[in-house]
Structures are given as structure tokens and as C-alpha cells.
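J.: Questions regarding the structure given below will be posed in turn.
The values are calculated or read from the model by the stated rules, or taken from the named source; none is laboratory data. Owing to the predicted nature of the structure, the values given are computational and were not obtained by experimental measurement. Every residue, glycine as well, gets a Cβ built from its backbone with ideal geometry; the counts of neighbours run over all protein chains shown. For accessibility, only protein heavy atoms count, side chains too; no ligands or nucleic acids. Shrake-Rupley method; radii C 1.70, N 1.55, O 1.52, S 1.80 Å.
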Amino acid sequence: MNPFSYTLAADPQAAIRGAAQAGSRYLGGGTNLVDLMREGVERADALVDVTALSADIRLGADGSLSLGAAAKNTAVAVDPTVRRHAPLLSRAILAGASAQIRNMATVGGNLLQRTRCTYFYDQAARCNKRTPGAGCDAREGFNRMHAILGASPACVATHPSDMCVALAALDAVVHCDGPNGARAIPLVDFHRLPGQAPQQDTVLTAGELITAVTVPALAEGMRSSYRKVRDRASYAFALVSVAAAVQLDEAGRVADLRLAWGGVAHKPWRASKAEAALRGQRPDAAAIAHALDLELAQAQPLRDNAFKIDLVRRTTTAVLAELAGATS
């Protein structure tokens, strides 16, 4: 690990000023960045610690949740207000990582964690995300865990977060501040697909700092769930995951639907085509199958991960049937 300076920021503006130094990085819980620095995958000449910034978890008058960027993942998952107003978010966080990591990891850091693609971590492998222009060994290597949606010839890595999949389904908004002022970014637009620049995970610009995440209130009567399919029962990244929220009208038709997938793309994947196809329909097996056909028509599996198409289909069908109150 290279030598670096360390500063504890007292407020967002102090953090932004500290990050103006070339080679600086913001440090939250450090559960991802420090590992990457230790492995030589990431380098920072200056760390600006932002864990003293807002960790508040508040419920607004309109029923929306506000999560300070420094709030620990455990604190969010167990907070009574979160569990009452956004149980989907609590469930997703508890499905990710170990208790020790959740106790350290922050909301802002979770948004910024990098892929767990083994080729990204292996400096003997070619990886465009780690070294732009180097190539992507995952495309022809062991790619069971990799993307089936939204990938490019430059990168087939997947985003590792459980929390972000739930936030995508919940229409969350990321609030940032930086040298050019404050702005709000919908979570679904915050992470990037790889294109020809897979080293750029998000739309943040140099020095921008995540300050909070807001989660709009779900409509009354909307039921939500998060289901994660993985190789072992704990401490494993998703093969696929499904975050869903469903509201039915009095006739049993879908009045509103939020659907997001994890483990299948470079970013949390909002299944907007499937959502549109199911709105106004009774969520029976045929309607769900048709909607998923539309969404998955763009899937491009690799040699080892074609099974993900059927896995995400079956998992989504089960989650939607459960939320719609189906008995079979």
C-alpha cells in the first residue's frame, strides 16, 4: 500500500475542500476501498474521512425517508422507521455481507463499492475497469457470476450491492455536493453501464460527495419484498436478486409495480419493460411470463452464465406471485 495523508472532515464543505488535492479519495467505512488499496488495485495519495458527516435517519412529513451518507448499513437495516416504511430496504441490507461489515459500511460507501469480478482483483489478468484499454479476460474466462444485461465488449462485470437494488426499486434519489454545487441524481441514473469506459462506475464528477439518499414513500397498500439467490446461505454475492413492490387495484390488476434486479448487470437493473407490460394486467402466470420475455429479450449470456436467464425469470415469478397473494 502506498503512503497517503489522512484528514477527518468536520462537514461537507471541509470534505470537498480536502478532496481538491490530486489523488484524493473519500473514505467511509473502508470495507471496500481499503481492501482495494491493500491489493494494489486502487491508489490514493490522500484520504478524506467522511464518517463524521450526517448519519441521520429521518422520516419527512410526506413519508419519505432521508438517510445520511455516513449512516451505517446496520443502523439503517434495524431502524424501526426504515423497517416500517421501507421493509424492502431493510431486508436487502441484511441479505448482504457479514454483520461485522454491515457495522462498518456506510450508505454512501455502499453506493460506491466496486465490482467483485475476480479479474478486476487479479493484477495478472487483463481488465478494462482496472486498466482502461487492457482488455477483458472475463469474456472468455470463467464468467459464471458475470452480466447478462447491459454489458459491452469492454466489460461484463456486475454490480455487487444488495442495498442499491432495493434503492433502485424504491425510486431513491442520491444527493451530492461538490465544487460545482449540490445536485440530486435518481438512483437508477447514478450508476453507469460499462460502454467503452467501464472504469467509470457512476456519474459523479471529480470531488463530488454523496451527502444523503432519500427514499419516497410507497403508496398505501403496496407490498414489497427482496429475494437473493446465491451459492451459499450467507456472505455470498448474488447470482441474481429481485427487489419488487406491487400495488393491486380493487379488481386485482397491477396498479403500480417496481422491479429491479441484481447480479445481472454492471448496475442495479430496473426492469422497466416488464413493469410497463404488467401495469393494468392481472398478475397471473401468463402475464408475468410475457412481461419477463420482453425484459429478457435483450439478455446476452456468456459461456458460463446462461442459467441466469431462467434463474431471474423463476425468482421474479415467485416474488411477484407472493406479493400478489397467489397461492401457487
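J.: When all alpha-carbon pairs of region 180-328 are counted, what percent fall beyond 18 Å?
T.: Details: 6915 of 11026 pairs.
Cα-Cα pairs in region 180-328 separated by more than 18 Å: 63 percent.
J.: Which length gain, in nm to one decimal place, applies between Ala22 and Arg84 when the Cα-Cα distance is subtracted from 0.36 nm times their residue separation? Could you put the intermediate results ahead of the total?
T.: On the way: separation 62, 0.36 × 62 = 22.32 nm, distance 4.30 nm.
This chain segment gains 18.0 nm when fully extended.
J.: Taking only C-alpha pairs under 8 Å that are 6+ residues apart, what is the relative contact order of region 102-254 in percent? Please report the intermediate quantities before stating the final value.
T.: On the way: 238 pairs, mean separation 31.4, N = 153.
So the answer I get is 21 percent.
J.: Still on this structure: Report the Stokes-Einstein translational diffusion coefficient (µm² s⁻¹, integer) for region 128-239, Rh taken as the Kirkwood radius over Cα pairs, at 25 °C with viscosity 0.890 mPa s. Mind showing how you got there, number by number?
T.: Working: Rh = 16.3 Å.
Result for D is 151 µm²/s.
J.: Turning to a different aspect of this structure: Let's test the formula: R0 of 35 Å, r as the Cβ-Cβ distance of Asp11 and Ala197. What FRET efficiency results, to the nearest 0.05? Working shown, then result.
T.: Values: r = 32 Å, r/R0 = 0.92.
For Asp11 and Ala197, the calculated efficiency is 0.60.
J.: Hey, with R₀ at 22 Å, roughly what FRET efficiency would Ser234 and Ala318 work out to, going by the Cβ-Cβ distance, to 0.05?
T.: Values: r = 20 Å, r/R0 = 0.93.
It comes to 0.60.
J.: While we're here: If I take every Cα pair under 8 Å that is 6 or more residues apart in the chain, average their sequence separation and divide by the length, what percent do I get for the relative contact order? Walk me through the intermediate numbers first.
T.: Values: 740 pairs, mean separation 53.9, N = 328.
Over the chain, the number comes to 16 percent.
J.: Multiply the residue separation of Glu220 and Arg43 by 0.36 nm, subtract the distance between their alpha-carbon atoms, and state the gained length in nm to one decimal.
T.: Stretched out fully, the Glu220 to Arg43 stretch lengthens by 59.1 nm.
J.: Then there's this: Between Thr205 and Asp56, what FRET efficiency follows from the Cβ-Cβ distance if R0 is 25 Å, with the result rounded to 0.05? Provide the component values of the computation, followed by the final result.
T.: On the way: r = 25 Å, r/R0 = 1.01.
Once rounded, the FRET efficiency stands at 0.50.
J.: Once you compute Rg and the Kirkwood Rh from C-alpha atoms, what is the Rg to Rh ratio for region 49-167? Intermediate results must be reported in sequence, preceding the final value.
T.: On the way: Rg = 17.2 Å, Rh = 16.0 Å.
With Rg and the Kirkwood Rh in hand, the quotient comes to 1.07.
J.: Less than 11 Å Cβ to Cβ from Arg91, Lys/Arg counted +1 and Asp/Glu -1: what total charge do the surrounding residues give?
T.: Working: positive: Arg83, Arg227, Lys228; negative: Asp162.
With Lys, Arg at +1 and Asp, Glu at -1, the net is +2.
J.: Tell me the relative contact order for region 47-146 as a rounded percent, counting alpha carbon contacts under 8 Å between residues six or more apart.
T.: Values: 105 pairs, mean separation 18.1, N = 100.
After rounding, I find 18 percent.
J.: Please identify the DSSP H helices in the chain that span no less than 20 Å along the helix axis (Cα) and have a mean Kyte-Doolittle hydropathy of -1.0 or more.
T.: Values: long enough: 307-323 (24 Å, 0.51).
Membrane-span-like by this rule: 307-323.
J.: Once you order the gyration tensor axes a ≥ b ≥ c over the Cα atoms, which shape class does region 69-117 get: rounded for a/c under 1.5, otherwise prolate or oblate by comparing a/b with b/c? Don't skip to the answer; put the middle values down first.
T.: Values: a/c = 1.80, a/b = 1.67, b/c = 1.08.
Judged from the Cα gyration tensor, region 69-117 comes out prolate (a/c at least 1.5, a/b above b/c).
J.: Local charge sum around Lys228 (other residues, Cβ-Cβ under 13 Å, Lys/Arg +1, Asp/Glu -1)? Write down the numbers at each step before the final one.
T.: Values: positive: Arg91, Arg227, Arg230, Arg232; negative: Asp162, Asp231.
Every neighbour counted, the sum reads +2.
J.: Ignoring ligands, DNA and RNA, what percent of the 1.4 Å accessible area of the chain is carbon and sulfur?
T.: Details: 7460 of 14330 Å².
The nonpolar share, carbon plus sulfur, comes to 52 percent.
J.: Scan the chain and hand back the longest stretch that contains none of the GluC sites (Glu not before Pro) lying in DSSP loops with at most 14 other Cβ atoms within 10 Å. Intermediate values should be presented prior to the final figure.
T.: Details: sites that count: Glu39, Glu140, Glu220, Glu250.
The longest such stretch corresponds to 40-139.
J.: At a Cα cut-off below 20 Å, give the lysines reachable from Lys228, other chains included and same-chain residues fewer than 8 away excluded.
T.: Lys267, Lys308
J.: Another question, if that's okay. Suppose the chain between Asp35 and Ala124 were pulled fully straight at 0.36 nm per residue; how much longer would it get relative to their current alpha carbon spacing? Intermediate results must be reported in sequence, preceding the final value.
T.: Details: separation 89, 0.36 × 89 = 32.04 nm, distance 1.73 nm.
In short, 30.3 nm is gained.
J.: Projected area of region 3-114, taken from the Cα convex hull and averaged over every viewing direction, in nm²? Write down the numbers at each step before the final one.
T.: Details: hull surface 30.5 nm².
Mean projected area of the Cα convex hull: 7.6 nm².
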